[in-house]
Amino acid sequence: MWNYSLLPDDRELLAKFSKHSLVAGIIIAILGVLALFFPFYGTLATVVFVAWLMIFAGIMAAYVTVRTNPSDWLGWFKAFILTLTGLLMVFKPNLGIQALGLLLAIYFLLDTFAGFAMGSLMRPAKGWWLWSLNGALSLLLAIIFLTSWTSIQETAWLIGIFVGISLLFDGFMLIFLGSTLKGNAE
């Protein structure tokens, strides 16, 4: 009845996107490999990146507060906290490493609860145990991050490894997408 295509019909656009996604994928995969071989530097790059995102978000929150409601103290408080936290992470990267380690531990704990909840909700369905396995693995990762949280070196190593693996897989996926689109563009 309806015929939707996920890919645009413009072959020139597909060819350009294919080329750019291949280049971006290669660069991201190389960054992932570098983060895996040098996890501490991968962690520092991640902390600096997150810090500058927070500084920018703080500046934008202040701008929005000025433009919409300059007397809104919560808007100013949000801008202040974001900017201060970002600056603290830039000038005290050890605190940023520990903060990211704690955030990852909290994320994995939340993912643990979500995985076990989905597993129990889907129990009679086929493959329900995969959700519970995901919950168990997330719990293991949360415990690893929580036990190493007080050691900056261990936390930095863990963050660098996880960021490296993530970048490597993201790069491979972009390379795969670019090569797939290249075939569709021809």
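Readers should treat all values here as calculations from the given coordinates under stated rules, not as data from a laboratory. Note that the structure is predicted; figures quoted are calculated from it, not measured. Note that we place each Cβ from the backbone using ideal geometry, even for glycine, and neighbour counts take in every protein chain shown.
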Students often forget the sequence filter, so: which lysines lie under 17 Å Cα-Cα from Lys126 once same-chain residues fewer than 8 apart are removed? none
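Quick check: net charge around Ser21, other residues with Cβ under 14 Å of its Cβ, Lys/Arg +1 and Asp/Glu -1? Numbers along the way, then the final one.
On the way: positive: Lys16, Lys19, Lys182; negative: Asp170.
Residues close to Ser21 contribute a combined charge of +2.
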Under a straight-distance cross-link criterion of Cα-Cα below 22 Å, which lysines are reachable from Lys78, leaving out those fewer than 8 residues away in the same chain? Lys92
Env charge @ Phe145, Cβ radius under 13 Å, K,R +1 / D,E -1, value -2
Note the direction-averaged projected area, equal to a quarter of the hull surface, for the Cα convex hull of the stretch 6-79, in nm². 8.5
On a straight-distance basis, which lysines could pair with Lys182 in a cross-link, Cα separation under 18 angstrom, same-chain partners fewer than 8 positions away excluded? Lys16, Lys19
In deg cm²/dmol and to the nearest 500, what is the mean residue ellipticity at 222 nm of the chain if only DSSP H runs of at least 4 residues count, each as -39500 (n - 2.57), divided by the residue total? -30500 deg cm²/dmol
Per 5 angstrom bin, beginning at 0 and ending with the bin that holds the maximum distance, the Cα pairs of the stretch 115-173 fall in percents of 4, 18, 15, 16, 16, 16, 11, 4, 1
Computed from these coordinates, which is Cα Rg over 2.2 N^0.38 Å: (i) 1.01; (ii) 1.32; (iii) 1.42? (ii)
Within the stretch 19-41, the residues whose backbone N lies under 19 Å from a label point placed 7 Å from the Cα of Met173 along the Cα-to-Cβ direction are 19-36
Inter-site label distance for Ile30 and Ser120 at 7 Å from Cα along Cβ, in nm: 4.9
Which residues in the stretch 51-67 have a backbone N closer than 13 Å to a point placed 7 Å from the Cα of Leu87 along the Cα-to-Cβ line? 55-56, 58-59
Net lengthening on full extension, Leu13/Thr180 (0.36 nm per residue, minus Cα-Cα): 58.7 nm
